[in-house]
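Q: My questions all concern the structure below.
The values are calculated or read from the model by the stated rules, or taken from the named source; none is laboratory data. Only a predicted model underlies this, so the values are computations on that prediction, with no experimental measurement involved. Note that each Cβ is placed from the backbone with ideal geometry, even for glycine, and that neighbours are counted across all protein chains shown.
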Amino acid sequence: MDGSRPAFAWLLGIEPVAIGISTSGGSAHILSALAEARKRGLLTVGLAVYDGGRIVGERLADHAVVVRADYYRAYRRSRPPYTTP
């Protein structure tokens, strides 16, 4: 064991997972976090709207969940004003 997770995790089938959420699929900090997580051997999951953006296009996630939409900015306009972009 490398000490990065509890010694009993393998008994439970628990593996570390990195989840990146980006409306456009192109947020630089999310893309770099997914790339780093992959480099470290974590399972990666990307959540995005529209067509999945670079998360899907560059295959930065092992699994991608994409909410298909004609235009993702319609989603962004529907959010309450107190949320961050």
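Q: With the structure loaded, tell me whether residue 49 is in contact with a Phe, Trp or Tyr (Cβ under 8 Å, 6 or more places away or on another chain) and not in a helix (DSSP H, G or I) or whether it fails that test.
A: Considered against the rule, which asks whether it is in contact with a Phe, Trp or Tyr (Cβ under 8 Å, 6 or more places away or on another chain) and not in a helix (DSSP H, G or I), residue 49 comes out as yes.
Q: So, one more: Quick one: is residue 7 modelled with pLDDT of 75 or more and outside any helix (DSSP H, G or I)?
A: For residue 7, the condition - modelled with pLDDT of 75 or more and outside any helix (DSSP H, G or I) - is not met.
Q: Could you run through the range 52-74 and say how many residues are among the hydrophobic types (A, V, I, L, M, F, W, C) and either farther than 24 Å from residue 15 by Cα or assigned to a helix (DSSP H, G or I) (or both)?
A: So the count comes out to 5.
Q: Which of the numbered conditions does residue 78 fail, given that it passes all the others? Conditions: (1) polar (S, T, N, Q); (2) more than 12 Å from the chain's Cα centre (by Cα); (3) modelled with pLDDT of 60 or more.
A: Result: residue 78 passes all but (3).
Q: Right, another one. Of all the residues that make up the range 23-39, how many are touching a residue at least 12 places away in the same chain (Cβ under 8 Å) and over 14 Å from residue 59 (Cα atoms)?
A: Residues meeting the conditions: 2.
Q: Mind listing whichever residues of the range 54-72 are buried (at least 16 other Cβ atoms within 10 Å of the Cβ) and either of a type in the set (Val, Ile, Thr) or at pLDDT 90 or above (or both)?
A: Matches in the range 54-72: 54, 55, 56, 60, 61, 64, 66.
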